[in-house]
Amino acid sequence: MNMKALTVAMMSAGMAFSGSAFAKEEGLSYNGYARMVAGFNTEKNNSEHEDQAYNAVRNGIAIIKAPSSPQQPGRIGNEGTGMELGINYHQKSENAGDWDIYFMADDGYGWQRDHNDSTTYNLRMAQAFAGGSNLFESQKDMYVWAGKRFNGRAQFGLNDYFYFMNDGAGGGFDNMDFGMAKFDLAVVSGDNGNNGRYAVTSKLHSIEVGSGSIGFNFNYGFGDQSDEHDPKHVTSLQAAAFYKVGWSMGTNEFAVRYNDNVSDNNLLDAGQIKGDINSTAFYWFGNLGLSDSFAIDYGYSFEQSDLENNDESTWNQFVIKPHYRWSDIHSTSFEFGYDSVDFQDNQDESAWKVSIQQNMSMGSFLWSRPEIRFFVTHGEVKVGDKTTPATNVGMMFDAWW
């Protein structure tokens with residue numbers, strides 16, 4: 001793999017799989033993502049530490065993170081099991097547009113169930129929508145859709161953090177072309193329209209600036225309840241600006257975000273997670289290809305939040321992940337992560353981890369799949385003056401298709 005090919009692979013990593021990234025061949029096509037993790041940890045079954053986020057995924061892995069952190073500091077030996085299975089039927093017509101009928105089921109990635117208990121293992125319909133492009137003579141690339149869809153997501157793959165995720169049932173369009181920019185707009189409801197929460201999401205993007213592009217998000221959430229004291233009635237706001245740039249040795253992405261009365265999701269979290277909340281955030285994620293065989297992923301996250309009861313919190317997280325390629329099959333990854341949440345009134349929290357992982361994949365280096373991994377992770381979680389160590393040893397596979 002030469003440096004140019006490595007850089008292209010790194011730039012494509014953030015869009016390697018998504019709910020709408022199905023193939024466009026006419027007829028039926030399939031896509032999916034899956035990871036299955038099995039391991040052993042030194043803190044398993046120690047109920048004393050449940051409040052410190054251990055055993056959160058119940059697959060033998062202790063999740064090492066500051067308890068109030070929105071995401072773990074790195075993924076090696078530090079994430080759960082899950083899968084997404086999608087099927088698309090695509091039709092093309094010279095005079096009536098190009099159409100998709102898409103369904104996806106997923107298993108929720110371990111939330112609210114025990115992977116070892118088959119009675120609680122359920123698939124859900126994560127996406128079910130119809131959409132089409134080439135429907136307007138002046139906007140051939142605009143994609144119009146209606147149904148239930150992954151919507152308005154913004155994610156960093158290094159720590160798998162979604163700082164926006166407004167999935168819901170509704171409709172909208174992507175890629176309305178203004179010439180110098182493209183525009184996405186959707187109106188969606190939460191829980192298939194059953195929980196009284198709604199959101200209008202928008203994204204202005206693909207604005208070329210130098211060797212990169214900038215974009216903006218603006219999302220508004222509201223409820224249908226007349227009682228102003230009902231959490232569902234709370235109005236919420238998300239706004240962000242982002243800049244993505246690639247160069248000969250890698251990529252960088254910067255984002256700033258402001259939230260009012262919400263964390264990442266207007267449809268589920270508004271007014272319910274921590275009471276009244278507003279936050280400002282800054283994120284920087286990137287990668288660097290130093291040779292055909294050596295590359296580094298890195299990321300920094302910062303969020304400062306005003307919480308209920310006049311408390312304040314500050315989240316800082318650093319992750320660095322070097323990779324070395326031994327051959328077209330074998331590679332080794334290292335990961336170093338630090339996570340902290342400092343409170344104005346409550347006990348401060350922090351965590352750190354170091355990991356090594358040996359990889360075997362079908363193809364060459366970072367983004368070839370399927371991949372089999374063997375890992376060892378060690379770290380500590382500290383809450384106030386109490387420190388608890390944890391070591392995870394295990395194996396997993398990771399694949400998309």
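Nothing in this text is a laboratory measurement; each read-out follows from the coordinates by a stated rule. Predicted model only: the values in this text are computed from it and were never measured. Reconstructed Cβ throughout: ideal geometry from the backbone, glycine too, with neighbour counts over all protein chains shown.
Computed values, structure above
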read-out	value
Gain upon complete extension [Phe302, Glu380; 0.36 nm per residue less C-alpha separation]	26.0 nm
Proxy reagent accessibility, fewest Cβ within 10 Å first, across Tyr30, Tyr143	Tyr30, Tyr143
Computed E for Leu135/Ala239 - FRET, C-beta separation, R0 35 angstrom, nearest 0.05	0.75
Pairwise centroid distance, computed over Cα atoms, of the range 125-175 with the range 322-374, Å	29 Å
Exposure proxy ranking, count of Cβ atoms within 10 Å, fewest first, for Ser279, Ser301	Ser279, Ser301
Cβ-based exposure ranking for Val383, Val319, in which fewest neighbours within 10 Å come first	Val383, Val319
Separation of the Asn195 and Thr42 label points, Cα + 7 Å toward Cβ, nm	3.8 nm
Entries of Lys65/Lys182; Lys65/Lys321; Lys148/Lys182; Lys65/Lys386 with Cα pairs more than 26 Å apart	Lys65/Lys182
